[in-house]
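Report on one structure; see the data block that follows.
The values are calculated or read from the model by the stated rules, or taken from the named source; none is laboratory data. Note that the coordinates shown come from a computational prediction; the quantities given were computed from them, not determined experimentally. Here Cβ is always computed from backbone atoms with ideal geometry, including for glycine, and neighbour counts include all displayed protein chains.
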C-alpha cells in the first residue's frame with residue numbers, strides 16, 4: 001500500500017511517498033543539499049535540521065516520524081517569513097566576520113544548532129550553553145574557537161546577555 | 001620593496017604565461033592552478049597574490065579549479081607547498097603581465113590580448129611586489145559555505161545540473177574484509193538473481209559493485225550482496241591494544257641509515273646515557289564527508305573517453321593511475337576537481353574515483369555517482385601508520401663555557417651523541433608513482449595488479465617516516481636509522497605532517513626528559529642547543545609571550561596543572577613553530593590553552609595562516625588525546641565516531657597564534673614563504689605530553705594520552 005506523508009519543509013507543505021531516511025528525502029528528493037551526509041549514525045552533526053524548532057540529526061529519522069511536523073533546513077534563510085530567518089542570517093554574517101570555516105562541511109549543522117539555541121534562549125545565554133549546543137557537531141579542521149566566537153557575537157546582537165563565564169575563547 | 005627572486009618548481013615545469021593566466025574580454029583575468037582547494041583556503045591565497053600583482057580588484061580575478069584539460073600539472077596538493085609552488089608561479093606570471101600592460105600602454109588586460117601572444121615564457125626577472133601583511137580580505141567562499149550552497153562534490157548531480165549529462169545512476173561497492181580478499185564465486189549467480197530488475201550488479205575478479213537509479217536502491221542492493229557473498233580473507237595481525245607490538249608482527253623490514261653527521265668522540269666518565277621508546281598508533285584521516293566521485297564514459301566509440309569528478313589531491317596522478325587500472329590512454333581521461341570535505345592527506349578520494357570510473361565503464365553514456373559510507377571511509381581509505389621511535393643520547397657536562405665569540409647558549413651541557421630510530425610502514429600509497437595502480441580496489445580485479453607496499457618519499461621531498469627525525473639541536477654526532485616495516489596487511493599513506501608528528505613528539509619529549517634529569521629549564525635547554533637564529537627567535541618569543549618561568553611556577557602550585565613546550569621546524573626546512581600547552585590533568589588530560597608562535601617566512605594572508613596553524617593545533621590535540629585506529633582479526637573496527645572519537649567542542653582548548661614578521665631582524669627583504677598547514681602537528685602533541693609530565697610527574701611515551709595510557713605510564 002502506498003503511503004503519503006504530509007509535512008512542512010521550510011514553511012511549505014509537501015506530500016511524499018518516500019519511505020527512507022529524512023536526510024535522503026531532503027537531499028536527494030528535494031535537492032536541499034545544505035544538510036550534509038557525514039556519518040549516517042547520528043554521531044557527527046553534519047545533517048542537523050530543525051524539527052519543530054529543535055536541532056536534530058536527520059540521517060536516521062524515517063520520513064513517517066516527520067508527519068505533521070515542521071522541518072527547517074539552512075536553505076530556509078531565503079524565506080523572510082520564517083521566524084528562524086533573522087537568527088540564521090545574523091549567524092551567517094557572524095560566521096563570515098569571524099571567518100569561522102575552513103572546509104565548511106560541518107557549517108550547516110552548526111548554524112542549525114546555534115539557531116535553535118538562540119531562539120530558545122530567554123534573556124541570557126552562557127558559554128556552557130553554547131558549548132552544549134555545539135557539542136553534537138564534529139569539526140575536523142579545528143575551527144571550533146572561531147565558531148564559538150561567532151555564536152557569542154550573534155547572541156549579543158540578538159539582545160541576549162552573556163552570563164559570566166568560566167572560560168572564554 | 002621587491003622580492004628576492006624565488007623560482008617556483010611549478011614554473012619550471014609549466015613555463016608559459018598562458019599556462020597560468022588568461023586575459024578575458026571584459027578586462028578580468030582568469031588564473032589557472034594545479035593545486036586543489038582542500039578546505040585550507042588556498043584558492044583564496046592564490047587569488048590574493050594574483051590580484052595584488054595584477055593590480056586588479058579581487059572580483060576581477062577568477063580562479064579556475066584544477067582540471068586536467070587546462071590546468072598546469074603541479075602534482076599533489078600536499079606538503080604545505082601550495083604557496084611556494086603555485087603561488088610563486090602565479091605571482092611571477094602576474095608581475096610579468098602587469099609589466100606587459102605598462103610596456104604596451106594598455107588600458108586593460110583585455111587590450112593586452114591584441115598586443116602579445118601569451119604563449120611566451122614567464123619572465124623571471126620582473127620584480128614582484130611585497131605582500132607583507134597587506135592582503136587582509138577574507139575568503140570569499142565562506143559566504144557560499146554559510147549559505148549551504150551546493151559547492152561540494154557531494155552535491156554534484158543531486159541538485160547541481162550536469163547538463164548535457166542525463167541519467168545519473170548511483171553506485172555502491174561490495175567488499176570483503178581486509179587488504180586483499182578473494183570472492184567465493186560459487187555464490188555469485190544466486191546472490192545477484194534476487195536483486196530488483198532496476199539494479200545492475202557487476203563483478204571483475206573479487207571486485208563487486210552495483211548501480212541503481214536511486215541511492216536508496218543502490219544501498220539496499222549492496223547491503224543484500226554484502227550479506228550473501230562470502231570471501232576468503234587473510235587474517236590481520238593480533239596485536240596488543242593500539243598495535244604497540246606491530247614492529248614484531250611485520251614479516252620483513254628494510255633498515256637504512258637515513259642520516260649521519262658529526263664526529264663520534266670518546267665520552268668522559270661523567271657522560272650520561274639516555275634512552276627512551278615512544279609510540280604513536282595508527283590514525284584515521286577522519287574527514288567529515290565520506291569520499292564521493294562521479295564518472296561518465298562517452299557512449300559512442302568515436303569519442304570514447306572518460307570524465308571523472310573528484311576531490312583528489314592530485315588530478316594528474318589520479319588520471320595516470322586511472323589509465324593504468326582501466327587500460328586506456330591518459331589522454332582519454334579528463335579529471336575535474338571539485339571540492340570535498342576537509343582533506344588532511346591521502347583519504348578515499350582517489351579510490352572512490354576509481355570505483356565510479358570502473359562502474360561507469362560498464363554503463364556507457366550514463367553518469368555514475370559513488371558515495372562512500374562512513375564505514376567505507378574509515379575502512380577503505382589509507383591509515384596513517386603506527387610509529388615507534390627509539391631515542392638514545394649521550395650527554396656530558398662541560399666545565400668551562402666557551403671563551404670567545406657570540407654565546408651559543410648553554411655550553412655547560414653537551415649532546416655528544418643522538419640516535420633516532422624510527423619503525424613505521426611507509427607514509428605514501430598515493431597514485432601516480434608506480435607502474436601499477438595504487439587503488440586498493442583495482443588489486444581485486446582479474447588483472448591481478450600487485451598490492452603496493454607503502455613507500456617513503458625521498459628526503460629532498462621532505463621524507464616520510466623520517467620526516468623531522470633529524471633533531472634541530474646541536475649535537476656532536478647524530479644518526480637516524482629508518483626501519484620500514486614491510487608486508488603488513490594495512491594500507492598506510494600520508495596524513496598531515498606524515499612522520500613528523502611522531503618524530504617531533506619523541507624528540508621533544510626526550511629533550512624534556514633530559515632537561516628534567518639534568519635540572520634544566522626546558523626553554524633554556526632548547527635555546528642553548530638551537531643555533532638557527534630564527535628558531536631561537538620563535539622559542540624566545542613564545543616563552544616571553546606566555547611568561548614561561550612565572551606561569552610554570554604558578555601552575556606548579558595548582559594540583560594537576562602543568563605547562564609544556566615543544567619546538568620543530570617542519571621538514572627541517574619549512575615553517576618554524578613552537579607551541580606551549582597548558583593542561584589540567586583530572587581523571588583525564590584536559591588541554592586548556594595553547595599558544596603558538598610560527599615563522600612561516602613571508603605571510604600572504606595572515607588570517608588564513610593563523611586559521612591553518614590553529615586548526616592544525618586543535619587537530620593535533622585530538623590525535624594526542626583520543627585517537628587510535630582499531631582492528632580485529634578480520635578488519636578495521638574503528639568505523640564510526642563512537643569507536644574513533646575525536647575532539648568535541650567541550651574539549652577544545654583556547655588557542656592563541658602569533659606570526660613572526662616575514663623578514664629577519666635587520667633585514668628589509670622578506671624571507672621566502674614556508675607554508676603553514678602542517679607546522680603545528682608535531683609540536684602541539686609534544687607540548688601537551690610535556691605539560692602532562694609537568695602537571696603530574698608522569699612521562700607518557702605512548703599516544704594517545706588516554707586515562708588508560710596515563711595509568712599504565714604511572715605504574716611503569
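Restricting attention to region B:516-541 and to residues that are free of Cβ contacts under 8 Å to residues at least 60 places away in the same chain and crowded, with 20+ Cβ neighbours inside 10 Å, the residue that is nearest to residue B:693 (Cα to Cα) turns out to be B:523.
Which of the following residues is surrounded by fewer than 13 Cβ atoms within 10 Å (Cβ to Cβ), part of a loop (DSSP other than H, G, I, E, B), modelled with pLDDT of 95 or more and not assigned by TED's automatic domain parsing to the domain that holds residue B:512: B:197, B:269? Can you show your working first?
Working: B:269 fails: modelled with pLDDT of 95 or more.
Selected residue: B:197, the only one of B:197, B:269 that is surrounded by fewer than 13 Cβ atoms within 10 Å (Cβ to Cβ), part of a loop (DSSP other than H, G, I, E, B), modelled with pLDDT of 95 or more and not assigned by TED's automatic domain parsing to the domain that holds residue B:512.
Yes/no matrix, rows are residues, columns are (1) surrounded by 12 or more Cβ atoms within 10 Å (Cβ to Cβ); (2) under 29 Å from the mean Cα position of the chain (by Cα); (3) part of a loop (DSSP other than H, G, I, E, B):
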{"residue": "B:178", "(1), (2), (3)": "yes, yes, yes"}
{"residue": "B:190", "(1), (2), (3)": "no, no, no"}
{"residue": "B:202", "(1), (2), (3)": "yes, no, no"}
{"residue": "B:209", "(1), (2), (3)": "yes, no, no"}
{"residue": "B:219", "(1), (2), (3)": "yes, no, no"}
{"residue": "B:227", "(1), (2), (3)": "no, no, no"}
{"residue": "B:239", "(1), (2), (3)": "yes, yes, yes"}
{"residue": "B:254", "(1), (2), (3)": "yes, yes, no"}
{"residue": "B:259", "(1), (2), (3)": "yes, yes, no"}
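Could you tell me whether residue A:23 is crowded, with 20+ Cβ neighbours inside 10 Å, modelled with pLDDT of 95 or more and in the same structural domain as residue A:108 (by TED's automatic domain parsing)? Taking the combined requirement at face value, the residue does not satisfy it. Within region B:638-649, residues that are at the interface with another protein chain (Cβ under 7 Å from one of its Cβ atoms) reach partners that are surrounded by fewer than 18 Cβ atoms within 10 Å (Cβ to Cβ) and part of a loop (DSSP other than H, G, I, E, B) with beta carbons closer than 6 Å, at six or more positions or on different chains, in the pairs B:640/A:41; B:648/A:135; B:649/A:135.
Only residues that are under 18 Å from the mean Cα position of the chain (by Cα) and more than 12 Å from chain A (Cβ to nearest Cβ): list them for region B:610-637, please. Explain how you work it out, then say what you get.
Of all residues in region B:610-637, those under 18 Å from the mean Cα position of the chain (by Cα) come to B:610-624, B:627-629.
Residues satisfying the conditions are B:624, B:628, B:629.
Scan region B:439-456 residue by residue and report those that are under 25 Å from residue B:391 (Cβ atoms) and either assigned by TED's automatic domain parsing to the domain that holds residue B:319 or surrounded by 21 or more Cβ atoms within 10 Å (Cβ to Cβ) (or both). Matches in region B:439-456: B:454, B:456. Note on region B:100-119: residues that are in contact with a helix residue (DSSP H, G or I) (Cβ under 7 Å, 6 or more places away or on another chain) and outside any loop (DSSP other than H, G, I, E, B) total 4.
Hey, any hits in region B:331-350 for a residue that's assigned to a helix (DSSP H, G or I) and within 20 Å of residue B:150 (Cβ to Cβ)? Break it down into steps so the answer makes sense when it comes.
We begin by selecting, within region B:331-350, every residue assigned to a helix (DSSP H, G or I); these are B:331-332, B:349-350.
Among the residues that remain, those that are also within 20 Å of residue B:150 (Cβ to Cβ) are: B:349.
Yes, that holds for at least one residue.
Residues checked against (1) under 30 Å from residue B:443 (Cβ atoms); (2) modelled with pLDDT of 90 or more; (3) touching a helix residue (DSSP H, G or I) at 6+ places or on another chain (Cβ under 6 Å); (4) facing chain A (nearest Cβ under 10 Å):
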site	(1), (2), (3), (4)
B:141	no, yes, no, yes
B:156	yes, yes, no, yes
B:169	yes, yes, no, no
B:172	yes, yes, yes, no
B:179	yes, no, no, no
B:182	yes, yes, no, no
B:189	yes, yes, no, no
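Restricting to region B:375-390, what's the tally of residues that are surrounded by 24 or more Cβ atoms within 10 Å (Cβ to Cβ) and either assigned to a loop (DSSP other than H, G, I, E, B) or within 14 Å of chain A (Cβ to nearest Cβ) (or both)? Total satisfying the criteria: 7. Put simply, of B:598, B:575 the only residue that is more than 14 Å from chain A (Cβ to nearest Cβ), under 27 Å from residue B:342 (Cα atoms), modelled with pLDDT of 95 or more and in contact with a helix residue (DSSP H, G or I) (Cβ under 6 Å, 6 or more places away or on another chain) is B:598. Considering region B:120-140 alone, what residues qualify as being touching a strand residue (DSSP E or B) at 6+ places or on another chain (Cβ under 9 Å) and part of a loop (DSSP other than H, G, I, E, B)? Correct list: B:120, B:122, B:130, B:131, B:132, B:133. All conditions in (1) more than 26 Å from the chain's Cα centre (by Cα); (2) at pLDDT 95 or above; (3) buried (at least 22 other Cβ atoms within 10 Å of the Cβ) hold for residue B:31, with the sole exception of (1).
Inside region A:5-26, can you point out the residues that are touching a helix residue (DSSP H, G or I) at 6+ places or on another chain (Cβ under 8 Å) and either over 24 Å from residue B:639 (Cβ atoms) or outside any loop (DSSP other than H, G, I, E, B) (or both)? Before you say what the answer is, go through the steps one by one.
Within region A:5-26, the first condition is being touching a helix residue (DSSP H, G or I) at 6+ places or on another chain (Cβ under 8 Å), and the residues that meet it are A:5, A:7, A:9-11, A:16, A:18-22, A:24-25.
Correct list: A:5, A:7, A:9, A:10, A:11, A:16, A:18, A:19, A:21, A:22, A:24, A:25.
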